[in-house]
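Working notes, structure below.
The values are calculated or read from the model by the stated rules, or taken from the named source; none is laboratory data. Since this is a predicted model, take the numbers as computed values, not measurements. Positions of Cβ are backbone-derived with ideal geometry, glycine not excepted, and every protein chain shown enters the neighbour counts. Surface areas here come from the heavy atoms of the whole protein model, side chains and all, with no ligands, DNA or RNA. Shrake-Rupley method; radii C 1.70, N 1.55, O 1.52, S 1.80 Å.
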Amino acid sequence: MLALALAGAATAAAVAAGYQSMAPTAQWYGETFTGLAPGSRQIALTYDDGPNDPHTQRLLDVLAKHNVHATFFLIGRYIQQQPQIAREIVQAGHVIGNHTFTHPLLIFKSEAEIRQELSQCREAQQDAIGKPSNLFRPPFGGRRPAVLRVARELGLEPVMWNVTGYDWNAPPAAAIECKVAKQIPGGNVILLHDGGHKQMGADRSQTVIATDHLIARYKAEGYEFATLPEMMQNNSSSW
(Lines give C-alpha, C1' and ligand atoms only; values in the text may rest on other atoms or scores of the structure.)
Protein backbone atom coordinates (compact mmCIF):
# COMPACT_ATOMS: atom_id res chain seq x y z
CA MET A 1 0.00 0.00 0.00
CA LEU A 2 2.82 2.37 0.85
CA ALA A 3 4.44 1.71 -2.50
CA LEU A 4 1.18 2.43 -4.28
CA ALA A 5 0.70 5.64 -2.33
CA LEU A 6 4.23 6.78 -3.12
CA ALA A 7 3.76 5.95 -6.78
CA GLY A 8 0.49 7.88 -6.83
CA ALA A 9 2.09 10.87 -5.17
CA ALA A 10 4.97 10.81 -7.63
CA THR A 11 2.57 10.66 -10.55
CA ALA A 12 0.53 13.55 -9.18
CA ALA A 13 3.69 15.59 -8.65
CA ALA A 14 4.82 14.91 -12.21
CA VAL A 15 1.45 15.93 -13.61
CA ALA A 16 1.47 19.11 -11.54
CA ALA A 17 5.02 19.95 -12.63
CA GLY A 18 4.10 19.39 -16.27
CA TYR A 19 1.04 21.60 -15.94
CA GLN A 20 3.04 24.37 -14.29
CA SER A 21 5.63 24.28 -17.07
CA MET A 22 3.04 24.90 -19.80
CA ALA A 23 -0.02 26.63 -18.30
CA PRO A 24 0.18 30.32 -19.23
CA THR A 25 -0.91 31.70 -15.85
CA ALA A 26 1.03 29.22 -13.67
CA GLN A 27 3.69 30.77 -11.42
CA TRP A 28 5.49 27.84 -9.77
CA TYR A 29 8.69 28.30 -11.74
CA GLY A 30 8.90 32.08 -11.43
CA GLU A 31 6.74 35.15 -11.83
CA THR A 32 5.60 36.12 -15.29
CA PHE A 33 3.25 38.88 -16.37
CA THR A 34 -0.15 37.51 -17.45
CA GLY A 35 -2.43 40.53 -17.27
CA LEU A 36 -4.17 42.84 -14.83
CA ALA A 37 -6.79 42.16 -12.20
CA PRO A 38 -10.24 41.26 -13.60
CA GLY A 39 -12.37 44.30 -14.12
CA SER A 40 -9.66 46.46 -15.63
CA ARG A 41 -10.79 48.25 -18.78
CA GLN A 42 -7.50 47.57 -20.55
CA ILE A 43 -6.85 44.79 -23.08
CA ALA A 44 -3.52 43.93 -24.70
CA LEU A 45 -3.47 42.28 -28.12
CA THR A 46 -0.37 40.14 -28.65
CA TYR A 47 0.69 38.19 -31.73
CA ASP A 48 3.19 35.35 -31.94
CA ASP A 49 5.29 33.73 -34.67
CA GLY A 50 5.83 36.61 -37.08
CA PRO A 51 6.97 38.43 -39.04
CA ASN A 52 4.89 36.67 -41.68
CA ASP A 53 4.43 37.77 -45.26
CA PRO A 54 1.73 38.92 -46.13
CA HIS A 55 -0.51 38.57 -43.09
CA THR A 56 1.53 40.67 -40.67
CA GLN A 57 1.21 43.64 -43.03
CA ARG A 58 -2.54 43.06 -43.37
CA LEU A 59 -2.83 42.96 -39.62
CA LEU A 60 -0.89 46.22 -39.38
CA ASP A 61 -3.46 47.79 -41.72
CA VAL A 62 -6.33 46.68 -39.46
CA LEU A 63 -4.61 47.96 -36.33
CA ALA A 64 -3.90 51.29 -38.03
CA LYS A 65 -7.55 51.59 -39.07
CA HIS A 66 -8.59 51.37 -35.42
CA ASN A 67 -5.60 53.36 -34.08
CA VAL A 68 -4.64 50.43 -31.84
CA HIS A 69 -1.12 49.37 -30.91
CA ALA A 70 -0.23 45.75 -30.16
CA THR A 71 2.75 43.62 -29.12
CA PHE A 72 4.41 41.21 -31.57
CA PHE A 73 6.60 38.34 -30.38
CA LEU A 74 8.89 37.67 -33.33
CA ILE A 75 10.87 34.58 -34.31
CA GLY A 76 14.48 35.45 -35.03
CA ARG A 77 14.92 33.41 -38.20
CA TYR A 78 11.83 35.07 -39.68
CA ILE A 79 13.22 38.50 -38.81
CA GLN A 80 16.29 37.58 -40.82
CA GLN A 81 14.09 36.53 -43.75
CA GLN A 82 11.80 39.58 -43.62
CA PRO A 83 13.61 42.39 -41.77
CA GLN A 84 11.54 45.04 -43.52
CA ILE A 85 8.35 43.68 -41.92
CA ALA A 86 9.96 43.85 -38.48
CA ARG A 87 10.84 47.47 -39.20
CA GLU A 88 7.28 48.19 -40.36
CA ILE A 89 5.91 46.83 -37.07
CA VAL A 90 8.08 49.17 -35.01
CA GLN A 91 7.64 52.15 -37.32
CA ALA A 92 3.86 51.79 -36.92
CA GLY A 93 4.24 52.25 -33.15
CA HIS A 94 3.88 48.64 -32.07
CA VAL A 95 6.07 46.80 -29.56
CA ILE A 96 8.11 43.71 -30.38
CA GLY A 97 9.21 40.83 -28.17
CA ASN A 98 11.68 37.95 -28.27
CA HIS A 99 10.12 34.62 -29.26
CA THR A 100 13.46 32.78 -29.69
CA PHE A 101 15.33 32.19 -32.93
CA THR A 102 13.80 28.87 -34.06
CA HIS A 103 10.74 28.40 -31.77
CA PRO A 104 11.78 25.28 -29.81
CA LEU A 105 10.10 23.92 -26.69
CA LEU A 106 12.58 25.32 -24.20
CA ILE A 107 11.78 22.98 -21.31
CA PHE A 108 13.77 20.31 -23.17
CA LYS A 109 16.76 22.54 -23.95
CA SER A 110 19.99 23.01 -22.00
CA GLU A 111 20.81 26.37 -20.47
CA ALA A 112 23.38 26.96 -23.21
CA GLU A 113 20.78 26.23 -25.88
CA ILE A 114 18.24 28.51 -24.21
CA ARG A 115 20.79 31.31 -24.05
CA GLN A 116 21.67 30.82 -27.72
CA GLU A 117 18.02 30.91 -28.83
CA LEU A 118 17.34 34.14 -26.97
CA SER A 119 20.62 35.77 -27.92
CA GLN A 120 20.28 34.97 -31.62
CA CYS A 121 16.77 36.40 -31.70
CA ARG A 122 17.99 39.51 -29.95
CA GLU A 123 20.81 39.87 -32.48
CA ALA A 124 18.30 39.53 -35.34
CA GLN A 125 16.21 42.31 -33.78
CA GLN A 126 19.28 44.48 -33.38
CA ASP A 127 20.27 43.99 -37.00
CA ALA A 128 16.76 44.67 -38.34
CA ILE A 129 15.59 47.59 -36.23
CA GLY A 130 18.63 48.76 -34.29
CA LYS A 131 17.23 48.00 -30.85
CA PRO A 132 16.35 44.63 -29.31
CA SER A 133 13.29 44.10 -27.14
CA ASN A 134 13.35 43.44 -23.41
CA LEU A 135 10.20 41.28 -23.53
CA PHE A 136 10.27 37.49 -23.91
CA ARG A 137 7.55 34.93 -24.50
CA PRO A 138 8.55 31.25 -24.49
CA PRO A 139 7.33 29.21 -27.47
CA PHE A 140 4.26 27.12 -26.58
CA GLY A 141 4.45 28.80 -23.15
CA GLY A 142 6.98 26.14 -22.12
CA ARG A 143 9.25 27.13 -19.27
CA ARG A 144 11.11 25.80 -16.28
CA PRO A 145 13.22 27.73 -13.74
CA ALA A 146 16.29 27.71 -16.01
CA VAL A 147 14.32 29.27 -18.87
CA LEU A 148 13.18 32.21 -16.77
CA ARG A 149 16.57 32.56 -15.09
CA VAL A 150 18.49 32.72 -18.37
CA ALA A 151 15.94 35.16 -19.79
CA ARG A 152 16.36 37.52 -16.87
CA GLU A 153 20.16 37.20 -16.98
CA LEU A 154 19.89 38.50 -20.54
CA GLY A 155 17.75 41.41 -19.40
CA LEU A 156 14.49 39.95 -20.71
CA GLU A 157 11.14 40.12 -18.91
CA PRO A 158 9.05 36.95 -19.35
CA VAL A 159 5.47 37.60 -20.49
CA MET A 160 2.65 35.10 -20.89
CA TRP A 161 -1.09 35.58 -21.50
CA ASN A 162 -4.47 34.80 -19.91
CA VAL A 163 -6.73 34.63 -22.97
CA THR A 164 -6.15 32.76 -26.22
CA GLY A 165 -8.06 32.75 -29.48
CA TYR A 166 -6.90 29.19 -30.27
CA ASP A 167 -6.11 30.41 -33.78
CA TRP A 168 -2.94 28.42 -34.52
CA ASN A 169 -4.88 25.98 -36.72
CA ALA A 170 -6.54 28.85 -38.63
CA PRO A 171 -10.19 28.30 -37.63
CA PRO A 172 -12.88 30.65 -38.98
CA ALA A 173 -12.77 34.20 -37.64
CA ALA A 174 -16.11 33.72 -35.86
CA ALA A 175 -14.66 30.80 -33.89
CA ILE A 176 -11.64 32.88 -32.85
CA GLU A 177 -13.90 35.71 -31.73
CA CYS A 178 -16.11 33.33 -29.76
CA LYS A 179 -13.14 31.79 -27.95
CA VAL A 180 -11.82 35.20 -26.95
CA ALA A 181 -15.21 36.57 -25.91
CA LYS A 182 -15.75 33.71 -23.46
CA GLN A 183 -12.60 34.67 -21.55
CA ILE A 184 -12.73 38.48 -21.28
CA PRO A 185 -13.30 39.94 -17.80
CA GLY A 186 -10.97 42.87 -18.55
CA GLY A 187 -7.27 43.31 -17.86
CA ASN A 188 -6.51 40.59 -20.37
CA VAL A 189 -3.46 39.72 -22.43
CA ILE A 190 -4.84 38.04 -25.56
CA LEU A 191 -2.71 35.53 -27.46
CA LEU A 192 -3.20 35.44 -31.24
CA HIS A 193 -0.87 34.59 -34.13
CA ASP A 194 0.23 36.57 -37.15
CA GLY A 195 2.52 33.75 -38.32
CA GLY A 196 3.24 30.06 -37.91
CA HIS A 197 6.37 28.58 -36.38
CA LYS A 198 6.72 25.82 -38.98
CA GLN A 199 7.21 28.03 -42.01
CA MET A 200 6.86 31.51 -43.44
CA GLY A 201 3.56 32.23 -45.17
CA ALA A 202 1.14 30.61 -42.71
CA ASP A 203 -2.44 31.64 -43.51
CA ARG A 204 -3.56 34.06 -40.79
CA SER A 205 -6.32 35.73 -42.79
CA GLN A 206 -8.96 34.63 -40.28
CA THR A 207 -6.98 36.10 -37.39
CA VAL A 208 -6.80 39.40 -39.28
CA ILE A 209 -10.60 39.39 -39.71
CA ALA A 210 -11.14 38.39 -36.08
CA THR A 211 -8.86 41.20 -34.91
CA ASP A 212 -10.91 43.74 -36.86
CA HIS A 213 -14.13 42.51 -35.24
CA LEU A 214 -12.69 42.16 -31.72
CA ILE A 215 -11.32 45.69 -31.66
CA ALA A 216 -14.62 47.14 -32.87
CA ARG A 217 -16.57 45.11 -30.32
CA TYR A 218 -14.49 45.92 -27.26
CA LYS A 219 -13.96 49.56 -28.13
CA ALA A 220 -17.76 49.87 -28.33
CA GLU A 221 -17.93 48.33 -24.85
CA GLY A 222 -15.54 50.93 -23.46
CA TYR A 223 -12.31 48.97 -23.34
CA GLU A 224 -8.92 50.53 -24.05
CA PHE A 225 -6.27 48.66 -26.03
CA ALA A 226 -2.71 48.89 -24.73
CA THR A 227 0.72 47.51 -25.51
CA LEU A 228 2.24 45.19 -22.93
CA PRO A 229 4.70 47.80 -21.62
CA GLU A 230 1.80 50.22 -21.11
CA MET A 231 -0.22 47.59 -19.28
CA MET A 232 2.73 46.48 -17.15
CA GLN A 233 3.57 50.06 -16.22
CA ASN A 234 0.00 50.79 -15.20
CA ASN A 235 -0.16 47.98 -12.69
CA SER A 236 3.22 46.45 -11.92
CA SER A 237 1.90 45.22 -8.57
CA SER A 238 -0.20 42.56 -10.30
CA TRP A 239 2.72 40.35 -11.31
Review point. For the stretch 33-98, what class follows from the C-alpha gyration tensor (a ≥ b ≥ c being the square roots of its eigenvalues): rounded when a/c is under 1.5, otherwise prolate if a/b is larger than b/c, else oblate?
Key: oblate
**Study point:** DSSP bridge orientation in the chain - percent antiparallel, rounded to nearest 5
**Key:** 5
Check your understanding: Under DSSP H, which helices of the chain have Cα atoms covering 20 Å or more of the helix axis and a Kyte-Doolittle average no less than -1.0?
Key -> 2-22, 205-220
Point to revise | Per residue, in Å², the accessible surface of the stretch 79-197 once ligands and nucleic acids are set aside, probe 1.4 Å | key: 40
**Study point:** Which label in (i) 12.9; (ii) 16.8; (iii) 13.9 gives the computed mean projected area of the Cα convex hull in nm²
**Key:** (iii)
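State the percentage of accessible surface on the stretch 58-108 attributable to carbon and sulfur atoms; use a 1.4 Å probe and exclude ligands, DNA and RNA. Please report the intermediate quantities before stating the final value.
Details: 990 of 2020 Å².
Solvent-exposed carbon and sulfur of the stretch 58-108 make up 49 percent of the total.
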Check your understanding: Convex hull over the Cα atoms of the stretch 63-155, averaged projected area in nm²?
Key -> 5.8
Study note, to complete from the structure: Among Pro145, Ala175, Ser40, the residue whose Cα sits farthest towards the positive end of the charge dipole of the chain, when +1 is placed on the Cβ of each Lys and Arg and -1 on the Cβ of each Asp and Glu, is Pro145
**Study point:** Test item: Cα-centred dipole of the chain, Lys/Arg +1 and Asp/Glu -1 on Cβ, debye
**Key:** 280
Check your understanding: Taking a threshold of 32 Å on the Cα-Cα distance, which of the pairs Lys65/Lys198; Lys131/Lys179; Lys131/Lys198; Lys65/Lys182; Lys65/Lys179 fall above it?
Key -> Lys131/Lys179
